[in-house]
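Participant: Right, I'll just put the structure down here and ask away after.
The values are calculated or read from the model by the stated rules, or taken from the named source; none is laboratory data. Keep in mind the model is a prediction, meaning the values are calculated, not measured. Cβ sites come from the backbone with ideal geometry, for glycine too, and all protein chains shown count toward neighbours. Just the protein is used for accessible areas: all its heavy atoms, side chains included, with ligands, DNA and RNA removed. Shrake-Rupley method; radii C 1.70, N 1.55, O 1.52, S 1.80 Å.
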Amino acid sequence: MMNDDDTREDLQLNRAFSALSPSTQEREHMRRVILAAYAALPPLTEEWLTMLRSRPVANTIYTFAAAAVLVLGVLLSAVPWAALSEL
Amino acid sequence: MYLLFAILVGRPDRIPGPPEPPEAEVQSLVLRSRGGDTEAMGALYEFYVERVYRSVRPLCGSAAATEDVVQDAFVKAFASLHGYEKRDNQRFIAWLSTIALNGARNQSARGRRRRELRERDAAREVTEAPRTPESALLDAEARGRLLRALEALPKRDREVLSLRYGADLEASEVAAACALSAANVRKICERQRRRLLAELTIRNDEDEAARAGEDP
């Protein structure tokens, strides 16, 4: 349970931390940078293609391997293991 | 005494951001932002930038490094809003602060470019014209005093206090971000809160005494 002293000290520290707030200028600057950086983010597919192009052979192999594991997983999960074990 | 008052009531030349909206409004802004609505992103930014900035400022070496961390955190958050789900009643500010905290940890681990950033800060201090010399002095002194006092704390405690009082998170939210128990967070806050306030008062008195000594 918090007593009055704790609450007062919490408030004092909250106020002390307000000294660390960014200036209006800094806030505006960061806002501009953030929105510009977000707008410049490449779409996911483009990012993926860029990644593939950087190491075409290795990344194509990885991609096909991942796809194969996925397909295998789906196929294996479709097998009625419980029914087969009773045979 | 005036300086202590200024620390405790905040600085007049910093225009505070808008008050935090109800969580339902935040969720609707998040939803709109997920669809790429930059106006909603701007609103989220305005609501939370101060708290995120205050929570990572003591963990970064300089104001410029803090800006980088805050910017990265917001861009990352906006780009991965699909990953944010309001699980276990997690507030948006708690999720955002955790991203910023991780960014600050990585940034301080890298530690490079720090000198360069400090130099950039120093240059900015000169180019950023304060409203009055007195307010600039109050700004720098209050900020410096708090940062020095926080620097004396262990890193984990500094993170806890920064999230608790800078981002204004609940003990349970701080606990989740720092991988601690809520009881542990409360204990750390209780232990370090008084120490920090005492340290601030001592430093304030020292500064005032030094200023009095300088006066003819």
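Participant: Ignoring ligands and nucleic acids, what accessible area does B:ASP168 show with a 1.4 Å probe (Å², nearest 10)?
Facilitator: The accessible area of B:ASP168 comes to roughly 70 Å².
Participant: Follow-up question, since we're still on this one. Got a sec? Charge dipole of chain A, +1 on Cβ for Lys and Arg, -1 for Asp and Glu; which of A:ALA82, A:GLN12, A:HIS29 is way out at the positive end?
Facilitator: Towards the positive end, the residue furthest out is A:HIS29.
Participant: Please compute how much accessible surface disappears when B pairs with A, both sides summed, using a 1.4 Å probe, and round it to the nearest 100 Å².
Facilitator: Result for this pair: about 3700 Å² buried.
Participant: Here's a follow-up. How big is the charge dipole of the stretch B:131-216 about its Cα centre, in debye rounded to the nearest 20, if each Lys and Arg gets +1 on its Cβ and each Asp and Glu gets -1 on its Cβ?
Facilitator: 560 debye
Participant: May I pose another question? What is the Cα radius of gyration of chain A over 2.2 N^0.38 Å, N being its residue count?
Facilitator: Normalised by 2.2 N^0.38 Å, the Cα Rg of chain A equals 2.32.
Participant: Under the Karplus relation 6.51 cos²θ - 1.76 cosθ + 1.60, θ = phi - 60°, what is the ordered set of whole-Hz ³J(HN,Hα) values for the stretch B:90-101, x standing for Gly and Pro?
Facilitator: 6, 7, 4, 4, 5, 5, 5, 5, 5, 4, 5, 4
Participant: Another question, if that's okay. Spelling out what I want: for every residue of the stretch B:62-67, take phi, set θ = phi - 60°, compute 6.51 cos²θ - 1.76 cosθ + 1.60 (Karplus), and round to whole Hz; glycine and proline get x.
Facilitator: 8, 5, 5, 5, 5, 4
Participant: If you take the beta carbon distance between A:THR45 and B:GLU85 as r and set R0 to 30 Å, what does 1/(1 + (r/R0)^6) give as a FRET efficiency, to the nearest 0.05?
Facilitator: Working from the Cβ atoms, E equals 0.80.
Participant: How would B:ARG148, B:ARG186, B:ARG51 line up by accessible area, probe 1.4 Å, largest first?
Facilitator: B:ARG186, B:ARG148, B:ARG51
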